[in-house]
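**Student:** Dropping a structure here in structure tokens format, bear with me for questions.
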Amino acid sequence: MFSDVSRSDLPLGMTDVERSVLQEQLIDMILYVLHAHPELHYYQGFHDVAVTLLLTVGLRLGTAMLQTLSTHHLRDFMDPTMERTRSVLSYLMPLIQSECPALHDFLLRSEVGCIFALSWLITWYGHVLSDFHQVLRLYDFFLASHPLMPVYCAAQMVLMREREVLQCDCDMASVHQLLSRIPSNFPYETLISRTHSFFQRRPPSQLERQTSLQRLKSISAASFRSLQISSAQQRPDSVLRQQVAPPSDVLPARSPNTLVKLAVWGISASLGAAALAVTQTALEWGPDLLLGLF
Amino acid sequence: MAKQYDVLFRLLLIGDSGVGKTCLLCRFTDNEFHPSHISTIGVDFKMKTIDVDGIKVRIQIWDTAGQERYQTITKQYYRRAQGIFLVYDITSERSYQHIMKWASDVDEYAPDGVQKILIGNKADEEHKRQVGKHQGMKLAEEYGMDFYETSACTNYNIKESFTRLTELVLMAHRKELDGLRLASNDELNLAELEEDGRKADGTANSKSCWC
């Protein structure tokens, strides 16, 4: 984990001091979550999620969000083995098949498998996209959505590249390379709106009935309803209340580093950061309202 | 269309997380070095065509994630490889100790006759060295492998080690290649030929495969 953090993808243009402060904060965040939940296991890619949250909302809120995500949306990826991750990935091909059988057949023939989408799911695309605004946009979307939404997003992304894929040589290497490199000008807004309607058209329950694949049950999906209910019952001022009374003594109190904060705000678009913060605050007390918006 | 290569095959890079597998690959294919390369999740690959004894060899080099939990995924790629680099970091005794485990995975999952090379990377970091060169040589000898100390940072022994493994694979498949060359002028896809052979044997990949 320490070596992942030391080589994690922090923004360019930072001084060594800023970088090392951020890396320390990142380690604090991750250790806090793993310490609080011994049943969770670190995976390479978890630090990508942590760094996105840290750069956007800072150490305290970032740690709180990372903790909630770890026990909910990202829970399936934090088992001791990757069997449950594999189960989540196994939704990908049936989803593609449900929309475009020809593309599905092509992918099967190429033997490409689903590994090209692995990092998309477990880092919410944070590992593969170089444009931080695009990452934030997708994080906003996934924060406000069902835990399986990233798989629908992956399927939708492949579907939107259908023509490109079908023109590619039908072998594992060519298709893997094509799919794992996402074009920089990919239309994310279209992707998000299509993914959302795709999810409504073919909800996970329907898909499970249609496919006979043996799967481990998704803990993330199973716990989502209770997350929604508990969030809905929270008071709107719960965030403020938590800030007045620190939730735990394990979280290290750090003096805020103005330099770093300035750098961070300069890097993360203030619009994206604000949107993420608003989404999170809103999610605390009204996920249904928010889901309605999408 | 002009023939771009004579033969194609697949090499695989394995070893602990952070030993420099991705850096070795980037140095070899793009002649680039980034000291803080982000970790590899799952698998990735790069291609390069090199000339070995007048034969244009297209090599597809698969780079794997080193973290233990990803091994259920990466093992599925072993069976497609004709050559494997086992990589450790000379500044990490632990990564050297783990070569034993990587080698036993190769025995279990890679095809018979796969060619192997042992690599001790980060040779430029002499001041942090934990594994002596003689230790690497001794281990390689035990396993009957060639051994190179390399540095992606200073571009030391990179081309040499990749070329050596390519030569070994070529030699191992010399007979098949010569036979096929007589039969056809088309480019040879060794990887696919092998796979066809396997399918004919009735030992095609199991359904539970990830890749």
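Any read-out appearing in this document is the output of simple, stated calculations on the displayed coordinates, not a laboratory observation. This structure is a prediction, so every number in the text was calculated from the model and none was measured. Glycine also receives a Cβ, built like all others from the backbone with ideal geometry; neighbour counts cover every protein chain displayed.
**Student:** Please work out how much length the chain gains when fully extended from A:L166 to A:Q206, using 0.36 nm per residue of separation minus the C-alpha to C-alpha distance, in nm with one decimal.
**Tutor:** Length gained between A:L166 and A:Q206: 11.6 nm.
**Student:** Within the set of other residues whose C-beta is less than 13 Å from the C-beta of B:I90, count the net charge using Lys and Arg as +1 and Asp and Glu as -1.
**Tutor:** Net of charged neighbours comes to -2.
**Student:** Can I ask one more? Taking H as built 1.01 Å from N, whose amide H comes closer than 5 Å to the amide H of B:E149, not counting residues under 5 places away?
**Tutor:** The list, which skips near neighbours in sequence, is B:G120.
**Student:** Something else: With 32 Å as the limit, write out which pairs from B:K122/B:K175; A:K217/B:K122; B:K46/B:K175 have Cα-Cα distances beyond it, or answer none.
**Tutor:** Checking Cα-Cα distances, B:K122/B:K175; A:K217/B:K122 exceed 32 Å.
**Student:** Rank these for me by crowding, B:T166, A:T63, going from fewest to most other beta carbons within 10 Å.
**Tutor:** B:T166, A:T63
**Student:** Under the classification rounded if a/c is under 1.5, otherwise prolate if a/b is larger than b/c and oblate if not, where does region A:2-71 fall, given a ≥ b ≥ c as square roots of the Cα gyration tensor eigenvalues?
**Tutor:** The shape class here is prolate.
**Student:** How much net charge surrounds A:A154 when only the other residues with a Cβ under 15 Å from the Cβ of A:A154 are counted, with Lys and Arg +1 and Asp and Glu -1?
**Tutor:** Taking every Cβ under 15 Å from that of A:A154, the sum is +2.
**Student:** If you take the beta carbon distance between A:F2 and B:K48 as r and set R0 to 35 Å, what does 1/(1 + (r/R0)^6) give as a FRET efficiency, to the nearest 0.05?
**Tutor:** 0.60
**Student:** Please go through the residue pairs B:K56/B:K133; B:K21/B:K48; B:K21/B:K56 and name each one whose alpha carbons sit more than 21 Å apart in this structure.
**Tutor:** The answer is B:K56/B:K133; B:K21/B:K56.
**Student:** Mean separation of Cα pairs under 8 Å and 6+ residues apart, divided by the residue count of region A:83-228: what relative contact order is that in percent?
**Tutor:** Relative CO of region A:83-228 lands at 34 percent.
**Student:** Turning to a different aspect of this structure: Find how much the distance from B:D107 to B:H127 grows on full extension, using 0.36 nm per residue of separation minus their present alpha carbon separation; answer in nm with one decimal.
**Tutor:** 3.8 nm
**Student:** Hey, another quick one. When a footprinting reagent is the concern and you count Cβ atoms within 10 Å, what order do B:T49, A:T85 take, fewest first?
**Tutor:** In order of increasing Cβ crowding within 10 Å: B:T49, A:T85.
**Student:** With labels modelled as points extended 7 Å from the Cα through the Cβ direction, what inter-label distance (nm, one decimal) is found for B:N31 paired with A:E99?
**Tutor:** 4.2 nm
**Student:** While we're looking at this one, here's another question. Under 13 Å from the Cβ of A:I30, count the other residues' Cβ atoms, weight Lys and Arg +1, Asp and Glu -1, and hand me the total.
**Tutor:** -4
**Student:** Let me ask something else about it. If you rank A:M160, A:M65 by fewest surrounding Cβ atoms within 10 Å, what's the result?
**Tutor:** In increasing order of surrounding Cβ atoms, one gets A:M160, A:M65.
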